[in-house]
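Visitor: Before anything else, here's the structure in question.
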Amino acid sequence: MSAASEEASTKEVTEKVADLQVGEGRRATAGKGPRMDDTSARKIGGDSFTVRTPNAPFLKEREAIYEKIKERREAELATKTPVDITVTMPDGNVLSKNKDETPFQAWKTTPYDVAKAISQGLADASSVARVTYESYVPDYSAFEDGMESADTLAEAMEDGGVEQDESQEGNKAILWDLGRPLVGPVSKLELLKFADDQDAKTTFWHSSAHMLGEALEHLYGCKLTIGPPLKGGFYYDSYMGKDALREDDYKPVEQEVTKIIKQKQKFERMVVTKEEALELFADNPFKQEILTTKVADGSRTTVYKCGDLIDLCRGPHVMHTGKVKAFAATRHSATNWLGDTDNDSLQRMYGISFPDKKMLKVWKENQEKAKERDHRRIANQQQLVMFHELSAGSAFWLPHGARIYNKLIEFIKGHYWKRGYDEIITPNVFNLDLWHQSGHAMHYKDAMFCFDVEGQEWAMKPMNCPGHCLMFGSAIRSYRDLPIRYADFGVLHRNELSGALSGLTRVRRFQQDDAHIFCREDQIEAEVLGALDFMKSVYDTFGMTYKLELSTRPKKALGDIELWDRAEKALANAMDDFAGKGGWRVNPGDGAFYGPKIDIKVMDAMERVHQCATVQLDFQLPIRFDLQYNTGLKPEEGEPFARPVMVHRAMLGSVERMFAVLCEHYGGKWPLWLSPRQMMVVPIHADWSDYCQSVRDKLHAEKFYADVDLSRSTFQKKVRNAQVAQYNFQLVVGENEVNNGTVNIRTRDNKVKGEMKVEEMIEMFKKMRDDYE
């Protein structure tokens, strides 16, 4: 390979790996796990694991049971009638035959076979298929195929930031193993590659989790519990009694997975009855627990086998273990069964894998960069934020951190003034009746801080919207009053589990740049367009790019379908106007039950994806609070009153979380307008201290954060200290500067800008600040 082509190849790999960070999205933490209906604390692991036992006897016993069940399924399959089918590709090309002219048939032809009919390279490069069926063959039963049982990993995957495909009905797309026979004519077959599709990555990492589980069973004989994929990687939880994983275990695990990779073990899907599954996992009390609480009596579910690992799993998976070319154990931690600290202690091992060794190398390099930019590290070094166990999950904003926090709020308030928002202030505590009326108490009470007030239950507010509804409903509103835009930086509290707390990205006390717009239906498009323009201005200022997704009506949507359709069309029109046709994508069925939304995913300097801003329509809260406005129509002309549409929108989201995102985006090198340390005045000699103090005072009068270094350090040491502390500029003063009424300007990157009059310098800094530089 030439140097140029190798450089191009490395660049391509870098771009593919850039956004892969373990734990992105909603964090899967030591306090997280699968949640069951029965969460009563109890120990169920017992002596199912007592000592590390390589190649434990239960592996062969389980495999023997599997083979007996497999014979029954093969007998069932033999009763099915293969019928000819067609498969339509995304480009509209309709395929019906293999290369040898034999027809595609239900119960026999797989997506891999279809891919091979196009090219062997396509088949080998694909990780999983996304299938939209035109119809199912008559002798196919979703119940018989185990497709109607619950996905036992769904909640753990959601906690790990994985967006779930809930479509198993109608004509919606379904993720399908490449090696699994099709069961009807296909109206659209997508062949997904790791590099191009998040579902392909999720499948790849799910398969890698099974390989990690297999290695853990081989080496230690531990009892596996759950092993979900994450937004960037995977983990497996296992029961090891009083034993625990150590860093010394990483290398043996990686070596064992390497053996599994070389064996190219096939991932084999098999449907099992609940009774058969209970027999398969008779030795594992945790799998038994999942089966008894998640799988209905008389129903079926699925397991997957690779090597001698057999795991309760919905799938899908890659074709075989050889698809994984690079694997690394990344970290380990303790957790608890069902996330309850009164339950059995489990051992969690995290991993990452790729279909290319170069990708793993780039990923490791990115992890090192991420460590350097970790907001917790920077906030500690720059003395911005502290935490204390007496108020866990609530940040103490030190003086320099408060400067940044307040500047972010001031920045948004400046936009509010220009964009026609009215700032309001609402209470921090409410009678719980408010949350019953809004519907939040039913689903959200466990995440609220509740307390007794004179025999009634009250709570600290976890969000602002119900209070804003009370305010809107407190007066008679006319159609002429709309839109009304309420903006509120009220303090919010959410009772996060201690194990879920993480720096500033998951806290218990926070503020949002929260706003709610009450508008007429005919104003939706204009208001959404205004919100998108607001968002663009904010993230352009931060130097961050973004992607837009329209999440449409879910299956459990409430309200009038025609209103949903009109609202989705208004959102789509606004996005077309804002980003152009093709400048955004649809996320079908992923809207909230109360209205469609626009998901805004922003990318930082390391190309990591963050979801901070949002624009969300709400049809339900106006109904729950009986909000109305006067339409101006007489009864004979139409309805005299109508409900407003409510638009939830945030640009920063949580100020705490945005602080963390920006801290890592800038790597602690805050731009001048946001910096808590803007100028350090450095005298070459103590004789010039009074002049330096006068320069500092002039800067302070113009609301700049300026300091003077009057220490006994050497001049070079003073300059270096200011640069390490991330002062944007060092203003050096010697005899010439005193005589000339000037300073000599240096940047934190040690670039010398030269001598400048103090008044000219201040004007230059004011312009930089006004231009958000």
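Visitor: Is one or more of the residues making up segment 666-677 assigned to a helix (DSSP H, G or I) and either among the charged types (D, E, K, R) or crowded, with 19+ Cβ neighbours inside 10 Å (or both)?
Guide: Yes; the residues of segment 666-677 include at least one that is assigned to a helix (DSSP H, G or I) and either among the charged types (D, E, K, R) or crowded, with 19+ Cβ neighbours inside 10 Å (or both).
Here is a yes/no grid of residues against (1) of a type outside the set (Asp, Glu); (2) farther than 12 Å from residue 518 by Cβ; (3) in contact (Cβ under 8 Å) with a residue 40 or more places away in the chain; (4) touching a Pro at 6+ places or on another chain (Cβ under 8 Å):
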| position | (1), (2), (3), (4) |
| --- | --- |
| 615 | yes, yes, yes, no |
| 629 | yes, no, yes, yes |
| 636 | no, yes, no, no |
| 658 | yes, yes, yes, no |
| 664 | no, yes, yes, no |
| 668 | yes, yes, yes, no |
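Visitor: Considering segment 724-743 alone, what residues qualify as being within 14 Å of residue 761 (Cα to Cα) and either crowded, with 19+ Cβ neighbours inside 10 Å or in contact with a Gly (Cβ under 8 Å, 6 or more places away or on another chain) (or both)? Don't jump to the end; show me each part of the working.
Guide: At the first step, the residues of segment 724-743 found to be within 14 Å of residue 761 (Cα to Cα) are 728-733, 737, 740-743.
Those that are within 14 Å of residue 761 (Cα to Cα) and either crowded, with 19+ Cβ neighbours inside 10 Å or in contact with a Gly (Cβ under 8 Å, 6 or more places away or on another chain) (or both): 728, 729, 730, 731, 732, 733, 737, 742, 743.
Visitor: Still on this structure, please answer the following. Of the residues that sit in segment 630-653 and are open to solvent by less than 20 Å² (accessible area, probe 1.4 Å) and assigned to a strand (DSSP E or B), which one is farthest from residue 561 (Cα to Cα)? Before the answer, list the steps.
Guide: Here is the first cut: in segment 630-653, the ones open to solvent by less than 20 Å² (accessible area, probe 1.4 Å) are 644-647, 649-653.
Still in the running and assigned to a strand (DSSP E or B): 645-647, 649-653.
Values: 645: 15, 646: 17, 647: 18, 649: 23, 650: 26, 651: 28, 652: 31, 653: 29 Å.
Filtering first and then ranking leaves 652.
Visitor: Open to solvent by less than 30 Å² (accessible area, probe 1.4 Å), within 28 Å of residue 563 (Cα to Cα) and in contact with a helix residue (DSSP H, G or I) (Cβ under 8 Å, 6 or more places away or on another chain): is that true of residue 504 in this structure?
Guide: In short, no.
Visitor: Report, by residue number, each residue of segment 470-487 that is surrounded by 14 or more Cβ atoms within 10 Å (Cβ to Cβ) and either modelled with pLDDT under 95 or β-branched (Val, Ile, Thr) (or both). Let's see the steps before the verdict.
Guide: Pass one, segment 470-487, residues surrounded by 14 or more Cβ atoms within 10 Å (Cβ to Cβ): 470-473, 477, 479, 481-487.
Residue satisfying the conditions is 484 alone.
Visitor: For segment 508-530, what are the residues that are among the small types (Gly, Ala, Ser) and under 21 Å from residue 425 (Cα atoms)?
Guide: Going residue by residue through segment 508-530, those that are among the small types (Gly, Ala, Ser) are 515, 526, 530.
Within segment 508-530, just 515 meets the criteria.
Visitor: OK, next. Only one residue in 108, 172, 116 is modelled with pLDDT under 95 and not aliphatic (A, V, I, L, M). Which one? Give the derivation first.
Guide: Values: 108 fails: modelled with pLDDT under 95; 116 fails: modelled with pLDDT under 95.
So the residue among 108, 172, 116 that is modelled with pLDDT under 95 and not aliphatic (A, V, I, L, M) is 172.
Visitor: Based on what the data block shows, is residue 687 part of a helix (DSSP H, G or I), at negative phi, open to solvent by 40 Å² or more (accessible area, probe 1.4 Å) and at pLDDT below 95? So that I can check it myself, show each step before the final result.
Guide: Details: part of a helix (DSSP H, G or I): yes; at negative phi: yes; open to solvent by 40 Å² or more (accessible area, probe 1.4 Å): yes; at pLDDT below 95: yes.
Yes: the conditions hold for residue 687.
Visitor: Does segment 373-400 hold any residues that are of a type in the set (S, T, N, Q) and open to solvent by less than 70 Å² (accessible area, probe 1.4 Å), and which are they?
Guide: Initial filter on segment 373-400 (of a type in the set (S, T, N, Q)): 380-383, 391, 394.
382, 391, 394, listed by residue number.
Visitor: If you take the residues in segment 127-163 that are part of a loop (DSSP other than H, G, I, E, B) and in contact with a helix residue (DSSP H, G or I) (Cβ under 6 Å, 6 or more places away or on another chain), which one is modelled with the highest pLDDT?
Guide: So the first thing to find is which residues in segment 127-163 are part of a loop (DSSP other than H, G, I, E, B), and the list is 127, 134-153, 160-163.
Filter again for in contact with a helix residue (DSSP H, G or I) (Cβ under 6 Å, 6 or more places away or on another chain), leaving 127, 150, 152, 162.
Working: 127: 97, 150: 70, 152: 65, 162: 57.
Only one residue tops the list, namely 127.
Visitor: In addition: Quick one: residue 340 ticks every box in (1) within 30 Å of residue 285 (Cα to Cα); (2) at pLDDT below 95; (3) in contact with an Asp or Glu (Cβ under 9 Å, 6 or more places away or on another chain) bar one, so which box is it?
Guide: (3)
Visitor: If you scan segment 87-110, which residues turn out to be closer than 25 Å to residue 196 by Cβ and touching a Gly at 6+ places or on another chain (Cβ under 8 Å)?
Guide: 110
Visitor: A further question on this structure: Which of the residues belonging to segment 528-586 are under 26 Å from residue 664 (Cβ atoms) and β-branched (Val, Ile, Thr)?
Guide: 538, 541, 545 - these are the residues of segment 528-586 that are under 26 Å from residue 664 (Cβ atoms) and β-branched (Val, Ile, Thr).
Visitor: Please identify the pairs in which a residue from segment 397-414 that is modelled with pLDDT of 95 or more has its Cβ atom under 7 Å from the Cβ atom of a residue that is buried (at least 19 other Cβ atoms within 10 Å of the Cβ) and part of a strand (DSSP E or B), counting only partners at least 6 apart or on another chain.
Guide: Within 7 Å, the pairs are 397/385; 398/385; 401/385; 408/652; 412/513; 412/651; 412/652.
Visitor: Is there any pair linking a residue in segment 51-75 that is open to solvent by less than 60 Å² (accessible area, probe 1.4 Å) to one that is of a type in the set (Lys, Arg), with Cβ under 8 Å and at least six apart or on different chains, and which?
Guide: So the pair list comes out as 66/305.
Visitor: Ok, one more. What pairs come up if the first residue lies in segment 531-546 and is at pLDDT 95 or above, the second is among the basic types (Lys, Arg) and not in a strand (DSSP E or B), and their beta carbons are under 8 Å apart, counting only those six or more places apart or on different chains?
Guide: Partner pairs satisfying both residue conditions: 534/419.
Visitor: Now, a different point. Is one or more of the residues making up segment 80-90 without any contact (Cβ under 8 Å) to a residue 60 or more places away in the chain, open to solvent by 30 Å² or more (accessible area, probe 1.4 Å) and over 21 Å from residue 271 (Cβ atoms)?
Guide: yes
Visitor: Only one of 411, 449, 489, 396 is out of contact with any helix residue (DSSP H, G or I) (no Cβ under 9 Å at 6 or more places or on another chain) and closer than 19 Å to residue 655 by Cβ. Can you tell me which?
Guide: Details: 411 fails: out of contact with any helix residue (DSSP H, G or I) (no Cβ under 9 Å at 6 or more places or on another chain); 449 fails: closer than 19 Å to residue 655 by Cβ; 489 fails: out of contact with any helix residue (DSSP H, G or I) (no Cβ under 9 Å at 6 or more places or on another chain).
None of the others qualify; the one that does is 396.
Visitor: What number of residues in segment 312-334 are over 15 Å from residue 264 (Cα atoms), more than 21 Å from the chain's Cα centre (by Cα) and part of a strand (DSSP E or B)?
Guide: 4
Visitor: Could you please find all residues in segment 267-304 being more than 13 Å from residue 67 (Cα to Cα) and of a type in the set (A, V, I, L, M)?
Guide: From segment 267-304, those more than 13 Å from residue 67 (Cα to Cα) are 267, 273-275, 278, 281-302; that's our starting set.
Those that are more than 13 Å from residue 67 (Cα to Cα) and of a type in the set (A, V, I, L, M): 278, 282, 290, 291, 295, 296.
Visitor: Okay, next question. Just wondering, is there one or more residues in segment 558-567 that are out of contact with any helix residue (DSSP H, G or I) (no Cβ under 9 Å at 6 or more places or on another chain), assigned to a strand (DSSP E or B) and open to solvent by 10 Å² or more (accessible area, probe 1.4 Å)?
Guide: No: segment 558-567 contains no residue that is out of contact with any helix residue (DSSP H, G or I) (no Cβ under 9 Å at 6 or more places or on another chain), assigned to a strand (DSSP E or B) and open to solvent by 10 Å² or more (accessible area, probe 1.4 Å).
Visitor: Another question, if that's okay. Tell me, which strands (runs of 3 or more DSSP E) lie completely within segment 218-311 with 1 or more residues that are surrounded by fewer than 22 Cβ atoms within 10 Å (Cβ to Cβ) and either among the basic types (Lys, Arg) or touching a residue at least 24 places away in the same chain (Cβ under 8 Å) (or both)?
Guide: Values: elements: 233-239, 268-273, 300-306.
Where strands (runs of 3 or more DSSP E) fall fully within segment 218-311 and carry at least 1 residues being surrounded by fewer than 22 Cβ atoms within 10 Å (Cβ to Cβ) and either among the basic types (Lys, Arg) or touching a residue at least 24 places away in the same chain (Cβ under 8 Å) (or both), they are 268-273, 300-306.
Visitor: Just to check your reading of the model, which residue among 99, 108, 116 is closer than 22 Å to residue 319 by Cα, open to solvent by 30 Å² or more (accessible area, probe 1.4 Å), without any contact (Cβ under 8 Å) to a residue 60 or more places away in the chain and not in a helix (DSSP H, G or I)?
Guide: 99
Visitor: Starting from residues that are farther than 19 Å from residue 402 by Cα and of a type in the set (Asp, Glu), keep the ones in segment 696-723 and report whichever is least open to solvent (accessible area, probe 1.4 Å).
Guide: 709
The values are calculated or read from the model by the stated rules, or taken from the named source; none is laboratory data. Small disclaimer: the values here were computed from a predicted structure and weren't measured. So basically every Cβ, Gly included, is an ideal-geometry build from the backbone, and we count neighbours across all protein chains shown. With ligands, DNA and RNA removed, areas are computed over all heavy atoms of the protein, side chains included. Shrake-Rupley method; radii C 1.70, N 1.55, O 1.52, S 1.80 Å.
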